[in-house]
Structures are given as C-alpha cells and as structure tokens.
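Chemist: The structure is given below, and queries will be raised subsequently.
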Amino acid sequence: MRSLILKEIDELIFNSLGIIIFIAIFIGGVVAIQTALNLTNPLIPKNLIGFATRQSVILEFAPTFTSIIMAGKVGSYITSSIGTMRVTEQIDALEVMGVNALNYLVFPKIIAMLFYPFAVAIAMYVGVFGGYLANIAGGYSSSGDFIEGLQMDFIPYHITYSFIKTAVFAFIIATIPSFHGFYMTGGALDVGKASTTAFVWTSVVIIISNFILTQLLLG
Amino acid sequence: MIEVNNLHKSFGKTHVLKGITTSFEKGKTNLIIGQSGSGKTVFIKCLLGLLNPEEGTISYEGKIYSKLSGDERRDLRQEMGMVFQGSALFDSLTVEGNVMFPLEMFTKQSYAEMKERVDFVLNRVNLVDAHDRYPAEISGGMQKRVAIARAIVMNPKYLFCDEPNSGLDPKTAILIDNLIQEITQEYQITTVINTHDMNSVMEIGEKIVFLKNGKKEWEGSNKEIFKTDNKAVTNFVYSSELFKKVRQMYIEERN
C-alpha cells in the first residue's frame, strides 16, 4: 500500500506541479496588470497593486482556480485510469482474487491528495511572484510599492481559510472522479464520457463548496 | 467439486439464467458452451461470486456460497483463479509484478520465496524471458499465459476461464487449451471454461454444458457430443462444414 501511495503522490501531485506553476505565474501577472490598469485615480496608492494581487491569489486564484484545473487534469486521469480498469475487467480480476478493489484503488488517491495543499502553497507563492514580475516589467509601480502592498493589512487567517478550502477541494478531486471511474459501465467510448462527466461534476461541487466554505469561514 | 442448483439470474426484466442445475468435477476440464447471449458469461460470473443470483444455490465442496460470511467468501475467493477473456492483466505492473500480485496481497512470504514461486509458474506456462516486460509489450498468447500463471500462482482449487483462446491463432489456442488441461490434471483443480471454440470442445471437453437461452439444454463429454441427437447442440457444434464432415466421418466409422 505504501508504494501505491507514493506512486499516486508522484502521479497526482508532482506531475501536476509544472502546470500549476505555469498557470499561477500568469494568473498572478494578469491580476497585477488588470489592477494596475484600473487604478486611474492618482489618489489611490500604487501599493494597491501588490495588495490586490496578494489577496486575489491567496484567497481565490491559487486554491479555487488551481483546483478547477486539477479537476480536469487529475480528475480525468483518475476517472480514465479506474474506468479503463473497469472495462478491461481488471477490477473484476481484483475482486475475484478477494481484494477490496475500492479500497485498493481509491484510498491511495485520497491519501496522495492530502499533499495537494503543498502544491497550492507553491501556486500562492508563484502567483504573487508572477504579479511582481508583470508589475515591474510593465512599469506599473515600483518594486518597493508592490512589496509594501504585499505586506499591507495581512491577515494570517486568510491562509488558514485558503488551506481549509484546499483540503476540501482535494477530497472532492480524489473522490468524485474515482466514483465515476469505478462505477462506470460500457466500453472505451464510455471511459471518455465518464471522464467528462466527472470533470463537470467535480467542478460544480468545487464551485458550490467554495461558496459555502467562504460564507462559513469568512462570512 | 462445484454444484449448481436451480440458478436464476435476471437484469431488470431480462431473465438471463433460467434454473440451471449442473455440477463440475475436480480434476476435469468442464466447458460451458452456447451461442452469444445464451448466458455463459453471466453464469461464470455467478460462479465467481461477482453476480448474485436471485434464486438457486452454488456450493463449493458442499459449502453454499450465499450462506458464507464475508470472511469465508474472501477465503474462498483466494482459492479461485480466473483467466479473463481479455487477460485483465494490470497494465501498470510487469509480467512478474502481475503474477506476484496475489502473493504480495495474501501471503507473508519473503521476496525471495515469492520470486521462486513466480519463476516456477512462469516456467510452467513456458514463459521464461518475459519477467520484466509490461502487458502491452507482449503478444495476446503470452498475455493469456501470464493470466494463467497469475491464476494458478496461489495453488487454487478452482480455475475459471472466460474464452481463454479468443483472438488467438489456432496453434496458440491449442497450446493454451492443452496447458489448462495439463494444469487441471496435475494440480487436481476444478476447472470451468467458458468457450465458443469448437476445437476446445473436441480437445479438452471432459464435461460440456450447453446453454441455450439461459437454460441447460444438454450436458455430456466430448465423446458423447458426437453421438447426441439434440438438434440445438448439433446445430451449434456442427455449424461449420468442417465439423459436419468430421461428425459424418465419426458416424461412418462407428457404423
């Protein structure tokens, strides 16, 4: 079981870091540029760019946006890998042997996704850094202004809130696609359909739970 | 020995198995034959415990499956080996990993002991140079042999095969049939094979159960199938010109 969990951590978390970093750096950059372009009033301090970037990335973009992307990448991997095992009778083979197939296939994925908050922490850091780079490259404010904004009115609870959300999203990303893969019927075409359905439902549940958690934790 | 008594299985309004009663003896290759849709796969899945019949009983050495506790069922399943139609090898594991899998899951053997056992069974199915290859890297015939090796690695009492030689060339199909029969006799396993292949029927059918529309239409051995006057059996088994001629020659020889 330990080797299975390590394999899943590698597949679900480490193999996703590239896309997470890529998305985070550009999202952070776009947030910084859009904030800067909307600051037309000279009375509004330039350090607001850093502040808005930090708040947007930490509170929403890193946990939620990344999770939607992961619902597509990791979720479809989970559904298609388990679904393919179903249509090729590999799950039946496990059950005939007396192996609890649900436990054997899904439990390691849930444990592996416990490491997902680490990936989101990297997304937070890289997203803010992307905002910094875009801000400097575009000449919207000085480096000092941006860093000052990053440190302004920082509430540590926002990080806690963000990680609570991430942990819930991780569970959703591991379980909903597993359900759709494990209980699918049909052939190869249906594996594709199950992956799409799993992505849609995972995204819907992430969006709704994001709303509920925000209301509960910040409201 | 496996005894089946009045087995019924439905899916919604479709009544697939309609009161099958038969038995499968130890040390014999028992074949289930019948047209597509006759209920063969559903029957074998009921025997494996993958499907629950609505009515009737299946007993293994006198123990009725439906009356067993969860732990007893798990123990019984560890005495079963299954060769699936598509081999059902785990894509992510090598040939050695696939065969070693049941040992890793259910025994406390050291790696050296497991390796010794895996080498033995792979050698038994004539696969000596494929240990480190993945299922996608080997031929269909080799995959079937790996599946047989995985099925027998735990020394099962019962071996089930769902169309073990489908998609194989005639020569490889005969090799697989002979291998299953040898293993059955050597280890005194109760083997149940689901097949469409008439070569298998003639070669290894020590007991044949013919299903038609979910009912047992006929049962007997591969010798008796030549003599039977059952229209449904003769229409199915001797549907090809070749087999019609073989039967004709057999009847002429007897006369």
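The values are calculated or read from the model by the stated rules, or taken from the named source; none is laboratory data. Since the model is a prediction, treat every value here as computed from it, not as a measurement. Neighbour counts run over all protein chains shown; Cβ positions are idealised from the backbone, glycine included. Side chains are part of the model used for accessible areas, which takes the heavy atoms of the whole protein and leaves out ligands, DNA and RNA. Shrake-Rupley method; radii C 1.70, N 1.55, O 1.52, S 1.80 Å.
Chemist: Short version: which residues of the stretch B:95-123 lose at least 30 Å² of accessible area, all chains versus chain alone, 1.4 Å probe?
Modeler: Listed in order, they are B:Phe101, B:Met105, B:Phe106.
Chemist: On a C-alpha basis, how far is the centre of the stretch B:196-214 from the centre of the stretch B:14-88 in Å? Whole number, if you could?
Modeler: 16 Å
Chemist: Which shape class, rounded, prolate or oblate, goes with the stretch B:107-212 when its Cα gyration tensor gives a ≥ b ≥ c as root eigenvalues, a/c under 1.5 marks rounded, and past that a/b bigger than b/c marks prolate?
Modeler: Oblate, since a/c reaches 1.5 and b/c is not below a/b.
Chemist: Still on this model: Relative contact order for chain B using alpha-carbon pairs under 8 Å, separation at least 6, rounded to a whole percent?
Modeler: Here the relative contact order equals 27 percent.
Chemist: Please check which bits of the stretch B:213-229 a label hung off B:His196 would reach, taking the label as a point 7 Å along Cα-to-C-beta and the cut-off as backbone N under 17 Å.
Modeler: Flagged as within label range: B:213-214.
Chemist: Given R₀ = 41 Å, FRET efficiency for B:Lys63-A:Phe211 by Cβ-Cβ distance, to 0.05?
Modeler: Between B:Lys63 and A:Phe211 the formula returns 0.15.
Chemist: Okay, moving on. For chain A, return all DSSP H helices satisfying: extent of Cα atoms along own axis at least 20 Å; mean Kyte-Doolittle hydropathy at least -1.0.
Modeler: A:17-38, A:66-87, A:116-138, A:157-182, A:188-218
Chemist: With θ set to phi - 60°, apply the Karplus curve 6.51 cos²θ - 1.76 cosθ + 1.60 along the stretch B:206-216 and write out the HN-Hα couplings as whole Hz, x wherever there is a Gly or Pro.
Modeler: Running phi through 6.51 cos²θ - 1.76 cosθ + 1.60 with θ = phi - 60° gives 5, 9, 10, 10, 9, 9, 9, 6, x, 10, 7 Hz.
Chemist: Could you check how many percent of all C-alpha pairs in the stretch A:2-218 are farther apart than 29 Å? Mind dumping the intermediate values first?
Modeler: Values: 8197 of 23436 pairs.
So the pairs more than 29 Å apart make up 35 percent of the total in the stretch A:2-218.
Chemist: Accessible area per residue of chain B at 1.4 Å probe, in Å²?
Modeler: On the way: 11970 Å² over 255 residues.
Value returned for chain B: 47 Å² of accessible area per residue.
Chemist: For B:Lys227, which aspartates and glutamates qualify as cross-link partners when the Cα separation must be under 13 Å and same-chain residues fewer than eight apart are set aside?
Modeler: Cα-Cα hits under 13 Å: B:Glu219, B:Glu252, B:Glu253.
Chemist: With a ≥ b ≥ c taken as the square roots of the eigenvalues of the C-alpha gyration tensor of the stretch A:115-164, please select rounded if a/c is under 1.5 and otherwise prolate if a/b is larger than b/c or oblate if it is not?
Modeler: Values: a/c = 4.45, a/b = 1.66, b/c = 2.68.
In terms of gyration-tensor shape, oblate.
Chemist: Leaving out ligands, DNA and RNA, what percent of the accessible area of the stretch B:177-255 is carbon and sulfur, probe 1.4 Å?
Modeler: Taking all protein chains in place, the stretch B:177-255 shows 45 percent carbon and sulfur surface.
Chemist: Around A:Ser3, under 13 Å between beta carbons, what's the net of Lys plus Arg minus Asp minus Glu among the other residues? Don't skip to the answer; put the middle values down first.
Modeler: Numbers: positive: A:Arg2, A:Lys7; negative: A:Glu8, A:Asp10, A:Glu11, B:Glu104.
Net of charged neighbours comes to -2.
Chemist: In Å², what does the accessible area per residue of the stretch A:2-218 work out to with a 1.4 Å probe? Kindly include the intermediate steps, with their values, before the conclusion.
Modeler: Values: 9940 Å² over 217 residues.
Here the residues of the stretch A:2-218 average 46 Å² of exposed surface.
Chemist: By its C-alpha gyration tensor, with a ≥ b ≥ c as the square roots of the eigenvalues, how is chain B shaped: rounded for a/c under 1.5, else prolate for a/b larger than b/c, else oblate?
Modeler: Numbers: a/c = 2.01, a/b = 1.30, b/c = 1.54.
Taking the square roots of the gyration eigenvalues as a ≥ b ≥ c, chain B is oblate.
Chemist: Given the pairs B:Lys144/B:Lys215; B:Lys108/B:Lys157; A:Lys193/B:Lys144; A:Lys73/A:Lys165; B:Lys215/B:Lys244; A:Lys109/B:Lys115, which span a C-alpha to C-alpha distance of over 22 angstrom in this model?
Modeler: B:Lys144/B:Lys215; A:Lys193/B:Lys144; B:Lys215/B:Lys244; A:Lys109/B:Lys115, as the Cα separations exceed 22 Å there.
Chemist: Which one of B:Gly97, B:Tyr111, B:Met142 has its Cα pushed farthest toward the positive end of the charge dipole of the stretch B:93-155, where Lys and Arg give +1 and Asp and Glu give -1 at the Cβ?
Modeler: B:Met142
Chemist: Between the chain alone and the structure with every protein chain in place, find the residues of the stretch A:79-120 that drop at least 30 Å² of accessible area; heavy atoms, 1.4 Å probe.
Modeler: A:Glu89, A:Gln90, A:Asp92, A:Ala93, A:Glu95, A:Val96, A:Met97, A:Gly98, A:Val99, A:Tyr104
Chemist: Under a point-charge model restricted to the Cβ atoms of Lys and Arg (+1) and Asp and Glu (-1), what is the dipole moment magnitude of chain B relative to its Cα centre, in debye to the nearest 20?
Modeler: Value, rounded to 20: 820 debye.
Chemist: Can you compute the helix-only [θ] at 222 nm over chain A? Use -39500 (n - 2.57) per DSSP H run of at least 4 residues, normalise by all residues, nearest 500 deg cm²/dmol.
Modeler: Helices in chain A give a 222 nm mean residue ellipticity of -26000 deg cm²/dmol.
Chemist: So how strong a dipole does the protein assembly as shown carry about its Cα centre when Lys and Arg Cβ are +1 and Asp and Glu Cβ are -1, to the nearest 20 debye?
Modeler: With only Lys, Arg, Asp and Glu charged at Cβ, the dipole is about 860 debye.
Chemist: On to the next question. List the relative contact order of the stretch A:2-218 as a percent without decimals, with contacts defined as Cα pairs under 8 Å and 6+ residues apart.
Modeler: Numbers: 296 pairs, mean separation 80.8, N = 217.
So the answer I get is 37 percent.
Chemist: Could you state how much accessible area is buried at the A-B interface, both sides summed, with a 1.4 Å probe, in Å² to the nearest 100?
Modeler: In total, chains A and B hide about 1400 Å² from solvent.
Chemist: Roughly how many nanometres apart are two label points built 7 Å out from the Cα toward the Cβ at B:Leu51 and A:Ala188?
Modeler: About 2.5 nm separates the two model spin labels.
Chemist: Additional query: State the answer as a single residue: which of B:Gly167, B:Leu179, B:Ile193 lies farthest towards the positive end of the charge dipole of the stretch B:151-231, with beta carbon charges of +1 for Lys and Arg and -1 for Asp and Glu, about the Cα centre.
Modeler: The listed residue farthest towards the positive side: B:Ile193.
Chemist: Report the local net charge at B:Leu179: Lys and Arg +1, Asp and Glu -1, summed over other residues whose C-beta lies under 12 Å from its C-beta.
Modeler: Once all neighbours under 12 Å are counted, the net charge is -1.
Chemist: How much net charge surrounds B:Gly86 when only the other residues with a Cβ under 11 Å from the Cβ of B:Gly86 are counted, with Lys and Arg +1 and Asp and Glu -1?
Modeler: Spelling it out: positives minus negatives among the neighbours equals -3.
Chemist: Long-range amide H contacts for B:Leu159: which residues qualify at under 5 Å (H placed 1.01 Å from N, peptide plane, sequence gap of 5 or more or a different chain)?
Modeler: For B:Leu159, whose amide H was placed from the backbone, the distant partners under 5 Å are B:Gly81, B:Thr190, B:Thr191, B:Val192.
Chemist: Something else: For a quick protection proxy, order the peptides B:37-48, A:12-23 by their average other-Cβ count within 10 Å, most packed first.
Modeler: Most protected by this proxy first, the peptides run B:37-48, A:12-23.
Chemist: Over 20 Å between Cα atoms: which of B:Lys171/B:Lys216; B:Lys9/B:Lys40; B:Lys45/B:Lys216 fall into that group?
Modeler: Correct reply: B:Lys171/B:Lys216.
Chemist: Tell me the relative contact order for the stretch B:93-155 as a rounded percent, counting alpha carbon contacts under 8 Å between residues six or more apart.
Modeler: Relative CO of the stretch B:93-155 lands at 52 percent.
Chemist: Please check the stretch B:56-84 for residues whose accessible area, probe 1.4 Å, is lower by 50 Å² or more when all protein chains are in place than in their chain alone.
Modeler: Listed in order, they are B:Arg77, B:Phe84.
Chemist: Modelled label-to-label distance, B:Lys245 and B:Ser166, 7 Å Cα→beta-carbon offset: nm?
Modeler: It is 2.9 nm.
Chemist: Separate question: In the stretch B:93-155, carbon and sulfur make up what percent of the accessible area (probe 1.4 Å)?
Modeler: Values: 1450 of 2950 Å².
The value for the stretch B:93-155 is 49 percent carbon and sulfur by accessible area.
Chemist: Can I ask one more? If we sort A:205-216, B:182-193 on the protection proxy, mean other Cβ atoms within 10 Å, highest first, what's the order?
Modeler: B:182-193, A:205-216
Chemist: Which order do the peptides B:118-131, B:75-88, A:28-41, B:147-160 take when ranked by the mean count of other beta-carbon atoms within 10 Å per residue, highest first? Please list the in-between numbers first.
Modeler: Working: B:118-131: 16.4, B:75-88: 21.3, A:28-41: 18.0, B:147-160: 23.6.
Result, highest mean Cβ count within 10 Å first: B:147-160, B:75-88, A:28-41, B:118-131.
Chemist: In addition: Work out the length of the dipole vector of chain A about its Cα centre, built from +1 on the beta-carbon of each Lys and Arg and -1 on the beta-carbon of each Asp and Glu, and round it to the nearest 20 debye.
Modeler: Details: 9 positive and 11 negative charges, 22 e Å.
Dipole size: approximately 100 debye.
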